[in-house]
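Chemist: Supplied in structure tokens, the structure appears directly below.
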Amino acid sequence: MKRIVWMCYCHYGIKLMSKIRFNVTAEALRPGINLIEANAGTGKTYTIAMLFVRFIVEHGFLIDQLLVVTFTHAAAAELKQRIRLRLTEIYHSIASDKTALDDTTLLWLQGLALEESVVLQRLKIALLGLDQSAVFTIHGFCYKTLQEFAIESKQLFELDLIGDSRIIRQQLADDFWRQTIYPLAPQDAALLTTHYANPTTLLASIKGVGQRVAVYPETQPLAFYLEQASAVKEDLTRQFETFTGRLSEAVSQPLFKRSFQRAFSTHCHAISQWLNEGGLTFPVNALNFMSYPGVLEGLNGQKFRATKTHTGLERKTEYLVSTGINFCLIEKLLEISHGASIALRGLLIDYIRDKEDGVLEGAQSASFDCLISRLADLMVNEDGAILKKALQSRYQVALIDEFQDTDQQQWNIFSQLCAQKKQFLYLIGDPKQAIYKFRGADVFSYFSAAKLAHHRYTLTDNWRSSPQMVGAVNTLFESLENVFLLEGLSYQSCDAALSEEDNCFKLAHELLPGMVMWQLTPDEGNNSGFLKSTQAQQQISIAVVNEIISLLTPGSTYRRVVNGQSAILTPKDIAILVRTNSQAIDYQNSLREAGIPSVLNSAKSVFETDEANDFYVLLHAISQPNNTALLKQFLTVAWLNVNASELLSIVEDDSLMGFWISRLSEYYQLWERRGLLAMVYKLLVQEKIAGKLSKRPAFERKMSNIIQLAELVQEAEIQASLNINGTLGWLQQSINNPQYSEQELLRLENDEPAINILTVHRAKGLEFSVVFCPVLWQQDQHVQKENSVIQCHEDDLMVADLGSEKFDQRKQLALEESFAEDIRLSYVAMTRAKLRCYIAWANVRTKDSSNHSALSRLLFNPSVNKSELSDDFSRQQMDLRALVGRHQGFFEYHSLPPDQAIRHLRAVKKLTRLKAPEQCSRNLKTIWQINSYTGLSALSLGAANERPYDNAEEISTKSLVASSSDPLPRGRRMGNLVHELLEKNAFAELAKYSESVTKIEQACLRFGLSLDDPQLMLTLLRQVVRTPLDQQDDGFNLAQIDDKHCIKEMPFYLSHGSINTEQINAVLGDEVIYRSLSAKKLAGFLTGFIDLVCVYQGKYYLMDYKSNYLEDYSSASMIQAMRAHNYGLQGWLYSVVLTNFLQETIGDYSFDRHFGGVLYLFVRGMESDKPCSGVFSFLPNAEKLEQLSRLFSDA
């Protein structure tokens, strides 16, 4: 066997073992630690499957003695399928026709020193037991191990796996906040909460800090900072007048910026108030303003220009020194505040680390991270000796895929699992593709393993890409020494395993280079030659769309040749790789405008979408079906497709509002009975959401998001046993703080052939014929913008810095690590292409700073690139053209004009026409529905002029204007306001005038009302609750009824069978306050809300509030209003409901003893000194009530 050997050095500076080119069928299987560095496209999955087969055949291991671990569920499923396929192919080939195998496998079989019958027997046993094979994700392996070896690992036998531990961590943060902040004095709490005002923001400030990461700096106890702050505060109080006097005198001079002078007194007052009065706010902004750096910044630079001997800053500094102002106490307070904030965050980290595992154990649960840490601890501690021995006895071979994405805990698990001399541990990965640091992956753990490896190999035959693509990638990454900026991580050239004739990209018969270099040209008027980021992104986006149009236009002569088969390009052959989810959405929008189908395979969380916010609005409204404010928000959700005029019509129509309240009540009941998912599916069908959204762009994307959200919320509701309010809280928290777990990442919206748009991180492991990389010229700014917590490596260990003296130094290290990962990200992006890759370059930079992106390092000489003079368009163009000239078969160059316009693609795919069935066999018409008084009253017969002109249901400009006799506004909003105040407040309190004007004003704002004098509303409410409701009993008024004897806004559902409204007319037709209904058949439910049911002296009364404005409130006027609005129908229907309720709750119910009557309170006409003023009451006839009740009970 021909061996190619590379010498390399690890990042420790220690010479590592030579790497041997790995031949999977010929290389001896050696016990110990074997490290295989698999370059992109070199057949890593094939290698693992073949190793699996070889261990089965050559060593006779049973299938459950081999462990295979990979990164994702999809990768595990693919590996299992590949292993099954490989075993099957070899078994059938031996049993029948050996010529069906490839040459390398045939040579391997021929070289085996085993009888053919033995090989077949071993393969057959493996195939029969394949369903029991140990092919797992890392979390799946840890979970199964802890469950199966529960006694040995001292774990619970049953564990609920929690994919999302946000709720647990938030609960711990809340507990920590209560225990730490609540007991403090107000001024101490104010100091600690200056930077983080609540537990949620405090928790967010330590996001990403792992369980085993060393945290800096070491801090003092919180009491230390609080005592220091108190002492400094006392000193500053004594000296503040002197300090502000001197500073005020200086500020009054024209040496300061006007903005500083204007703000000076405000900040001065804020500090003075805190010093003398204390308070709940620590004046950190004011202290920063009055600090030395703040005052220095406030000086006017025009007054302190540089001279021949002094810079402007030096002149400012000299001036402040000359004023004699002592900033020490201000600076000390800010230092204490900063230190206290760091200490608080450090304590929270310790608290969560100490409590999280215990909380999960108490709930018989485990999170993904918890699974790994538990097993890792057991594998390295004496407590896990029995478990480790059991695992070592079970698994003789471990094949670890994607090992570059491991961390120290995972390495501890596998190194201990295969610590026996006769065990085989194969670590397969590519450190050049280590791009998941944000998930906790640590490429330095890979190097730790490399140092301990007994044998090192590499895979260099590229089976993915064409020779042109392989040559282009080799050229870029070979051009620089130490290209990946990590000692020991060098680039080894790959060999193209595919022939040029059988795998290439052609235009007609012309063979095209593998990599296309685009350079964006500056505008003609741009003298600097530098580009702005927004302009560059826009122009490159246009170029990408236009090129895709050229590739896909019918009649195009572009051809892809794969394995000798020539075909035109289809949308699914093309991918656009971006950095961020927002960029992915922008590209999808651009493609949609051009008529090009695309699919988003994004790392964006579904909780970041517009549909998530709409979903919350929808659920919030359903959770409170009688809340008209939430109902109006519900109607604005895009899913319902209600336009402005339709919304106004609904709001102004009482019957339509009643219909929607009934509809939300229906959804609420379904949610409670059958769960959220059933309710959402019912809503989607009943409201015809799919049809309405189909008229909008990105219909499939929106529907996919809605279904995914419903499933996630349902899962959380079940897992955490959440009630409706708890479910809403979980959804709101998920929207505010998405976690990007695998379950909440956006799903593919369709399976149709479409352009793939995805982030580079999501693209890893995938391959496409043509790949566009339009944003590699950008620099990752995440670490640069981070000021809360910095994570980097020191002495090969991960550390987190919350704000120590070394913060800036560690930030620089983190920036270097981020830049190195950016280079690896570029490598991953380019190596996704099989035939052609488009790389866009834009010289986005400033006058003082070059574009120091990873792509800049790869394309241009870094030493030259640091020079401002050579970092211009012309020089870069010269470099790119020179690169193409040296490697014409690999690269081609094009300059992009700055004023491109998107073309439009005509008919990329044909749409299947929908065809309606010739005959519908079902009768879709039904009389079953949910009815309400409001809906039934719309059937009222009678002349239109029976209805008074002014009524509470109107919403118009005229109805909101008060009259001189009644200064309160009219209309529905006024009615809603009265109902809310009477519902939300105790009647006895309203009678005492104890309600604050502020509460009234806040309620008015919610309903869009403006009262000139809120006291008038208080007066009205007092009159309502104090007016006697019986001529013979002055003591019968609302104020005398205890709230515990009331049911306010009583909801009800009354089921009934088939009823004709003419049957209702027959019972109530002679009632003066009832208007007959037009003919209609009804079946289903009657629903609604009764304003008030109360008990007084043993009798139950039904009451309804009316805010109608009448000319007078005489008995005749009230009867006219009752009839005009058909309130009589409402009173009788509600009496049926109350009767049913009382019959269910009172064992010896009697109408005569228990039913008190029906009262309609016309609140504007009620006067406390006139019994029954504004009150219309009646006692239903017992016989009629019985007839009506029987009508509604015959279901």
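The values are calculated or read from the model by the stated rules, or taken from the named source; none is laboratory data. Note that the coordinates shown come from a computational prediction; the quantities given were computed from them, not determined experimentally. Positions of Cβ are backbone-derived with ideal geometry, glycine not excepted, and every protein chain shown enters the neighbour counts.
Chemist: If a residue counts only when it is without any contact (Cβ under 8 Å) to a residue 60 or more places away in the chain, which strands (runs of 3 or more DSSP E) contained entirely in the stretch 1088-1191 have at least 2 such residues?
Modeler: Per the criteria, 1099-1106, 1155-1162.
Chemist: Name the residue, out of 551, 520, 577, that is touching a Cys at 6+ places or on another chain (Cβ under 9 Å) and closer than 23 Å to residue 472 by Cβ.
Modeler: That would be 577, the only listed residue that is touching a Cys at 6+ places or on another chain (Cβ under 9 Å) and closer than 23 Å to residue 472 by Cβ.
Chemist: Taking the stated definitions as given, is residue 145 out of contact with any His (no Cβ under 9 Å at 6 or more places or on another chain), more than 21 Å from residue 396 (Cα to Cα) and of a type in the set (S, T, N, Q)?
Modeler: No, not satisfied.
Chemist: I need the full set of residues from the stretch 1-52 which are modelled with pLDDT of 60 or more, surrounded by fewer than 20 Cβ atoms within 10 Å (Cβ to Cβ) and on the phi > 0 side of the Ramachandran plot, in order please.
Modeler: 32, 43
Chemist: Moving on. Within the stretch 1055-1062, identify whether any single residue is under 29 Å from residue 1096 (Cα atoms) and either assigned to a helix (DSSP H, G or I) or modelled with pLDDT under 90 (or both), and answer yes or no.
Modeler: Within the stretch 1055-1062, one or more residues are under 29 Å from residue 1096 (Cα atoms) and either assigned to a helix (DSSP H, G or I) or modelled with pLDDT under 90 (or both).
Chemist: Sticking with this one: Can you tell me which of (1) assigned to a helix (DSSP H, G or I); (2) surrounded by 18 or more Cβ atoms within 10 Å (Cβ to Cβ); (3) not acidic (Asp, Glu) is the one residue 366 doesn't meet?
Modeler: Checking residue 366 against (1) assigned to a helix (DSSP H, G or I); (2) surrounded by 18 or more Cβ atoms within 10 Å (Cβ to Cβ); (3) not acidic (Asp, Glu), the one that fails is (1).
Chemist: Related question: Restricting to the stretch 18-36, give me the number of residues that are touching an Asp or Glu at 6+ places or on another chain (Cβ under 7 Å) and among the aliphatic types (A, V, I, L, M). I'd like the intermediate steps shown before the answer.
Modeler: First pass over the stretch 18-36, keeping only residues touching an Asp or Glu at 6+ places or on another chain (Cβ under 7 Å): 19, 29.
Okay, now just the ones that are also among the aliphatic types (A, V, I, L, M), so 29.
Of the residues in that region, 1 qualify.
Chemist: Report yes if residue 393 is modelled with pLDDT under 90 and over 30 Å from residue 835 (Cβ atoms), otherwise no.
Modeler: So residue 393 fails the test.
Chemist: Restricting the stretch 426-473 to residues that are closer than 23 Å to residue 829 by Cα and charged (D, E, K, R), which is modelled with the lowest pLDDT?
Modeler: 439
Chemist: If a residue must be surrounded by fewer than 19 Cβ atoms within 10 Å (Cβ to Cβ) and in a helix (DSSP H, G or I), how many such residues does the stretch 449-473 contain?
Modeler: Total satisfying the criteria: 2.
Chemist: Among (1) surrounded by fewer than 15 Cβ atoms within 10 Å (Cβ to Cβ); (2) of a type outside the set (Asp, Glu); (3) modelled with pLDDT of 90 or more, which single condition is residue 1147 missing?
Modeler: Going through (1) surrounded by fewer than 15 Cβ atoms within 10 Å (Cβ to Cβ); (2) of a type outside the set (Asp, Glu); (3) modelled with pLDDT of 90 or more one by one, residue 1147 breaks only (3).
Chemist: Let me ask another. With respect to residue 1081, is the statement that it is of a type in the set (D, E, K, R) and either touching a helix residue (DSSP H, G or I) at 6+ places or on another chain (Cβ under 7 Å) or farther than 15 Å from residue 1192 by Cβ (or both) true?
Modeler: Against the criterion (of a type in the set (D, E, K, R) and either touching a helix residue (DSSP H, G or I) at 6+ places or on another chain (Cβ under 7 Å) or farther than 15 Å from residue 1192 by Cβ (or both)), residue 1081 does not qualify.
Chemist: Report, ordered by the first and then the second residue, all pairs with beta carbons closer than 7 Å, sequence separation of six or more or different chains, a first member in the stretch 222-235 that is in the same structural domain as residue 348 (by TED's automatic domain parsing) and assigned to a helix (DSSP H, G or I), and a second member that is among the acidic types (Asp, Glu) and crowded, with 19+ Cβ neighbours inside 10 Å.
Modeler: 226/188
Chemist: Tell me which helices (runs of 4 or more DSSP H) are completely within the stretch 105-195 and hold 2 or more residues being free of Cβ contacts under 8 Å to residues at least 60 places away in the same chain, or say none if there are none.
Modeler: 116-128, 138-148, 150-153, 166-180
Chemist: Could I ask something else about it? Looking for whichever is free of Cβ contacts under 8 Å to residues at least 24 places away in the same chain and touching a Cys at 6+ places or on another chain (Cβ under 8 Å) here; the options are 350, 357, 377. Which one fits?
Modeler: Selected residue: 357, the only one of 350, 357, 377 that is free of Cβ contacts under 8 Å to residues at least 24 places away in the same chain and touching a Cys at 6+ places or on another chain (Cβ under 8 Å).
Chemist: Which ones in the stretch 503-558 are without any contact (Cβ under 8 Å) to a residue 60 or more places away in the chain, within 23 Å of residue 467 (Cα to Cα) and assigned to a loop (DSSP other than H, G, I, E, B)?
Modeler: Answer for the stretch 503-558, where residues must be without any contact (Cβ under 8 Å) to a residue 60 or more places away in the chain, within 23 Å of residue 467 (Cα to Cα) and assigned to a loop (DSSP other than H, G, I, E, B): 508, 509, 557.
Here's the yes/no breakdown for (1) in a loop (DSSP other than H, G, I, E, B); (2) at pLDDT 90 or above; (3) touching an Asp or Glu at 6+ places or on another chain (Cβ under 7 Å):
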| residue | (1), (2), (3) |
| --- | --- |
| 846 | yes, no, no |
| 851 | yes, no, no |
| 857 | no, yes, no |
| 868 | yes, no, no |
| 875 | no, no, no |
| 880 | no, yes, no |
| 883 | no, yes, no |
| 902 | yes, no, yes |
| 923 | yes, no, no |
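Chemist: Same structure, new question: What number of residues within the stretch 811-847 satisfy the criterion of being in contact with a helix residue (DSSP H, G or I) (Cβ under 6 Å, 6 or more places away or on another chain) and of a type in the set (A, V, I, L, M, F, W, C)?
Modeler: Total satisfying the criteria: 12.
Chemist: A further question follows. So, residue 294, is that one in contact with a Phe, Trp or Tyr (Cβ under 6 Å, 6 or more places away or on another chain), part of a helix (DSSP H, G or I) and either of a type in the set (Ser, Thr, Tyr) or within 30 Å of residue 270 (Cα to Cα) (or both) or not? Spell out the reasoning first.
Modeler: On the way: in contact with a Phe, Trp or Tyr (Cβ under 6 Å, 6 or more places away or on another chain): no; part of a helix (DSSP H, G or I): yes; either of a type in the set (Ser, Thr, Tyr) or within 30 Å of residue 270 (Cα to Cα) (or both): yes.
For residue 294, the condition - in contact with a Phe, Trp or Tyr (Cβ under 6 Å, 6 or more places away or on another chain), part of a helix (DSSP H, G or I) and either of a type in the set (Ser, Thr, Tyr) or within 30 Å of residue 270 (Cα to Cα) (or both) - is not met.
Chemist: Return the residues of the stretch 487-528 that are surrounded by 21 or more Cβ atoms within 10 Å (Cβ to Cβ), aromatic (Phe, Trp, Tyr) and not assigned by TED's automatic domain parsing to the domain that holds residue 859; say none if nothing qualifies.
Modeler: Those that are surrounded by 21 or more Cβ atoms within 10 Å (Cβ to Cβ), aromatic (Phe, Trp, Tyr) and not assigned by TED's automatic domain parsing to the domain that holds residue 859: none in the stretch 487-528.
Chemist: State whether the residues of the stretch 1152-1161 include one that is under 30 Å from residue 1057 (Cβ atoms) and of a type in the set (A, V, I, L, M, F, W, C).
Modeler: yes
Chemist: May I pose another question? How many residues does the stretch 1066-1086 contain that are surrounded by fewer than 17 Cβ atoms within 10 Å (Cβ to Cβ) and not in a strand (DSSP E or B)? Working first, answer last.
Modeler: Residues of the stretch 1066-1086 that are surrounded by fewer than 17 Cβ atoms within 10 Å (Cβ to Cβ), as a first pass: 1066, 1069-1070, 1072, 1078-1081, 1083.
The next check asks that each one be not in a strand (DSSP E or B); those that pass are 1066, 1069-1070, 1072, 1078-1080.
Residues in the stretch 1066-1086 being surrounded by fewer than 17 Cβ atoms within 10 Å (Cβ to Cβ) and not in a strand (DSSP E or B): 7 in total.
Chemist: So, one more: If residue 721 satisfies every condition in (1) hydroxyl-bearing (Ser, Thr, Tyr); (2) surrounded by 15 or more Cβ atoms within 10 Å (Cβ to Cβ); (3) out of contact with any helix residue (DSSP H, G or I) (no Cβ under 9 Å at 6 or more places or on another chain) but one, which is the exception?
Modeler: (2)
Chemist: Go through (1) touching a Lys or Arg at 6+ places or on another chain (Cβ under 9 Å); (2) buried (at least 23 other Cβ atoms within 10 Å of the Cβ); (3) within 24 Å of residue 796 (Cβ to Cβ) and name the single condition residue 410 misses.
Modeler: Only one criterion is unmet by residue 410, namely (1).
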